[in-house]
Amino acid sequence: MNILITGGAGFIGSHLCDELLGQGHTLVAVDNLVLGREENIAHLFSHSGFTFCKGDILDAAFFEALFVDNRFDVVFHLAANSDIQKGGNDPMVDYELTFRTTFNVLQCMRKYGVAQLVFASTSAIYGETTDLLWENYGPLRPVSNYGAAKLASEAYITAFAASYGIRAWITRFPNVVGERFTHGVIYDFIRKLKNNPHELTVLGNGEQIKPYMYVKDLVRGIMYVWENSHEPVNVYNLGVDSRTKVKDIARMVIEELGLQAHIVYTGGDRGWVGDVPEFKYDLSKIHLLGWQAQHTSDEAVSLAIKKAIEYSK
Ligand SMILES: NC(=O)c1ccc[n+]([C@@H]2O[C@H](COP(=O)([O-])OP(=O)(O)OC[C@H]3O[C@@H](n4cnc5c(N)ncnc54)[C@H](O)[C@@H]3O)[C@@H](O)[C@H]2O)c1
């Protein structure tokens, strides 16, 4: 298939490019590199099925020209603001990068007759609750601008699906970890410890507990959902049953770097405005479809730490 992937130079997007090319698809990856990095996809530049277009989805002329020049069968839309703290400090960030990018993608799909959309959604749409989160859980009350912009994106996707016949696969990710990080807790801890190997400041009390998923598991899960679910709109939680505490991640990063760093907690049950102390997915829908992640949360964290250190050398 001829595929457009937005956010293709980002952390998850670059792994998805590897997977899609490996399966014989032809790709145009678009990214403005606001968070993504060319080095994440540099190994693909010589691949005949791969084209990288540096530019902004919010630049209507640039973005529309991609649809004029190519006949896409499907769009994988991953571009967004992935820095939730930044989005908390400035509400325009998620409105623009997380919501308006989705709207522009949908408008171009409608105008140029692209029939399939695979969307990167998130656990953040569920808001703050200790309930088991299943796909029809509601009412949904996000507590971050990021979660709100993703939920608004989902709403427009289902409306465009109903109104204009676009088929959609909405995959809701947990915390994703692995090599080519552009952000996130492990990335943050490694960066801080490189600056100061004696002390690690952890945001919150370290008791935050969440499922962490290895990026290659996630990418296989996205592909599985796309290939095996056939409703007009297919909504799936992607994740792992187990969870890992932030204080354990801090300990694992320090150990893997061979340091004796002292951990300082800033206190409180969450790291930043819009963070949630915990969440837990109900994964029965994806399991019933026939797919499970290969790595537990602890295994994903441990592997991601090793890979991230190796990659950053
Ligand atoms: N990493 C996670 O834990 C996680 C969890 C849940 C959902 N998600 C979602 O998965 C997707 C990928 O996340 P990621 O972790 O790879 O983040 P990322 O920041 O590495 O990737 C997003 C990419 O989008 C690009 N981008 C942003 N705005 C753009 C614009 N206007 N035009 C063109 N490109 C633009 C960025 O440069 C970046 O490369 C995002 O939609 C994110 O919200 C990620």
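Since every read-out is calculated from the coordinates, none of them should be taken as a lab result. All values derive from a computational prediction rather than experimental measurement. Heads up, the Cβs are rebuilt from the backbone with ideal geometry, glycines too, and the neighbour counts pull from every protein chain shown.
Some notes on this structure:
- Loop-located chymotrypsin sites (Phe, Trp or Tyr not before Pro) in the stretch 255-300 whose Cβ has at most 15 other Cβ within 10 Å (DSSP): TRP272
- Average Cα contact separation per residue, the stretch 163-223, under 8 Å, 6 or more apart, as relative contact order %: 48 percent
- Lysines whose Cα lies under 24 Å from that of LYS150, excluding same-chain neighbours fewer than 8 positions away: LYS54, LYS86, LYS111, LYS210, LYS216, LYS280, LYS285
- Taking label positions 7 Å along the Cα-Cβ direction at both GLN23 and LYS306, the computed distance is 2.7 nm, reported to one decimal.
- Tail weight of P(r) past 17 Å, computed on alpha-carbon pairs of the stretch 231-270, percent: 55 percent
- Mean Kyte hydropathy of 0.0 or more with a Cα span along the axis of at least 18 Å, helices from DSSP in the chain: 145-164, 215-228, 297-311
- The stretch 32-141 - Rg (one decimal) and Dmax (whole number), Cα, Å: 16.4, 47
- With the Kirkwood sum run over all distinct C-alpha pairs, the stretch 184-232 has a hydrodynamic radius of 14.0 Å.
- Student exercise, the chain dipole from Lys, Arg, Asp, Glu Cβ charges, in Debye to nearest 20: 80 debye
- Spatially proximal lysines relative to LYS194 (Cα-Cα < 21 Å; intrachain offsets below 8 disregarded): LYS247, LYS306, LYS307, LYS313
- Proximal charge balance of ARG220 [Cβ under 14 Å; K/R count +1, D/E count -1]: -3
- Within the stretch 94-230: Cβ-based charge dipole about Cα centre, in debye rounded to nearest 20 (Lys, Arg +1; Asp, Glu -1): 440 debye
- The charge dipole of the stretch 248-313, taken about the Cα centre with unit charges on the Cβ atoms of Lys, Arg (+1) and Asp, Glu (-1), comes to about 180 debye, rounded to the nearest 20.
- Within the stretch 123-234, the ratio Rg/Rh, alpha carbon atoms throughout and Rh by Kirkwood, equals 1.04.
- Cβ-Cβ FRET estimate between HIS287 and ALA155, R0 fixed at 30 Å, reported to 0.05: 0.70
- Normalised contact order of the stretch 33-131, rounded percent, pairs of Cα under 8 Å and 6 or more residues apart: 30 percent
- Stokes-Einstein translational diffusion, the chain - Kirkwood Rh over all Cα pairs, 0.890 mPa s, 25 °C, in µm²/s: 124 µm²/s
- Charge tally around ILE263: other residues with Cβ under 14 Å, Lys/Arg +1 each, Asp/Glu -1 each, net -1.
- When shorter helices are ignored and each DSSP H run of at least 4 residues is given -39500 (n - 2.57), the per-residue value for the chain at 222 nm works out to -11500 deg cm²/dmol.
- Sorted by Cβ neighbour density within 10 Å, fewest at the top, the residues TYR95, TYR146: TYR95, TYR146
- DSSP-assigned coil residues among trypsin sites (Lys or Arg not before Pro) in the stretch 1-97, each with at most 10 further Cβ atoms within 10 Å: ARG71
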